[in-house]
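Remarks on the structure that follows.
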Amino acid sequence: MADETKPDSAYLDRLLQAFEGEIKGETYFADLAPYFDEPGADGKLALLSQLERRTAETLRPLIERHGLPVRDEATLRPQTAPMVVDHGAESWIGYMARMIKDFSPYVDEFQALEMKGPTKDRPALARLARHEVCIIEFAKAELAGDPDSTAPIREYLEAEEV
Ligand SMILES: [Fe+2]
C-alpha cells in the first residue's frame, strides 16, 4: 500500500509538471487567438484559457501541500511561444482535429496519476483528467458543428472547487 504521507518522486515530478503545464496552457490558448479568423474562435480560446487557469488553481493546494518548487509564472509563460507560432498555417477545424489527437493521451495519463496519488490529492487529480475530457468534448462538438460546443468547458468552470 502506498505511503499516504510520502508520495514518490515520480508522482511529485509529474504533478509539478502538470501544474506548470496548466499555467503555460492559460497563456498558450490566449495567445492563439490572433491566428484564427474563425468567427467566435477568440471567445472559445478565452474559455480554454480560463479552463487551464482554473485547473492550475485546483492543483495549487496539492503543490503547496507537497512543497513543490514551482517556477515563476513570468519564466513559464514565454515557453509557450514556439507552440503558438506552430499554428500559423492551421485551419480552425484542422486545429480541432489535432486537439482531439494531441489531448487524448493526457486523459489516460492523468487518470493513472489519480490512481497513484495520495487519497487527499485524488479529487483534484480527477478534475485534472476531467478538464482534458472537456477539451476533447469541445473539439468534437466543434467538428460536428454544434452551436453549443463550449458547454463542457462552461460546465467545468461553473462546477464547485474540489
Ligand atoms: Fe490543461
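Counting alpha carbon pairs within less than 8 Å and at least 6 residues apart, what relative contact order, in whole percent, applies to segment 44-144?
Normalised by residue count, the contact order of segment 44-144 is 35 percent.
I'd like to know which of HIS66, THR80, GLY40 lies farthest towards the positive end of the charge dipole of segment 1-145, counting +1 on Cβ of Lys and Arg and -1 on Cβ of Asp and Glu.
So the residue furthest toward the plus end is HIS66.
Output the pairs from LYS44/LYS140; LYS44/LYS120; LYS120/LYS140; LYS24/LYS120; LYS6/LYS120; LYS116/LYS140 with a Cα-Cα distance over 22 Å in this structure; if there are none, say none.
LYS44/LYS120; LYS120/LYS140; LYS24/LYS120; LYS116/LYS140
What is the helix-to-structure angle for 92-116, meaning the angle in degrees between its Cα long axis and the longest Cα principal axis of the chain, kept from 0 to 90 and rounded to the nearest 10?
10 degrees
Can you tell me the mean projection area, over all orientations, of the convex hull of segment 9-158's alpha carbons? Units nm², please. Don't skip to the end; give the middle numbers.
Working: hull surface 34.5 nm².
With every direction weighted equally, the projected area is 8.6 nm².
Calculate one ³J(HN,Hα) per residue across segment 12-27 by plugging θ = phi - 60° into the Karplus curve 6.51 cos²θ - 1.76 cosθ + 1.60, and present them in order as whole Hz with x for glycine and proline.
Listing the rounded values in order: 5, 4, 5, 4, 4, 4, 5, 4, 5, x, 6, 4, 5, x, 4, 5 Hz.
Tell me, VAL162, VAL84 in order of fewest to most beta-carbon neighbours within 10 Å?
Going from sparsest to densest Cβ surroundings: VAL162, VAL84.
Hey, what number do you get for the chain at 222 nm if only DSSP H runs of n ≥ 4 count, each worth -39500 (n - 2.57), divided across all residues, to the nearest 500?
Computed ellipticity for the chain at 222 nm equals -23000 deg cm²/dmol.
Report the charge-dipole magnitude of the chain in Debye, nearest 20, computed about the Cα centre from +1 at each Lys and Arg Cβ and -1 at each Asp and Glu Cβ.
340 debye
Using a Förster distance of 22 Å, how high is the FRET efficiency between LYS120 and ARG77, based on the Cβ-Cβ distance and rounded to 0.05?
0.15
Just to confirm the number: angle between the C-alpha axis of helix 41-65 and the first principal axis of the chain, 0 to 90 degrees, nearest 10?
Relative to the chain, helix 41-65 is tipped by roughly 0 degrees.
What are the ³J(HN,Hα) values, in whole Hz, obtained from phi via the Karplus relation 6.51 cos²θ - 1.76 cosθ + 1.60 with θ = phi - 60°, for each residue of segment 129-140 in sequence order, with x given for Gly and Pro?
5, 4, 5, 5, 4, 4, 4, 5, 4, 4, 5, 5
We did not get these values from a lab; they are worked out from the coordinates using the rules stated. Predicted model, so just to flag it, every value in this text is computed and none were measured. Glycine gets a Cβ as well: all are built from the backbone with ideal geometry, and neighbour counts include every protein chain shown.
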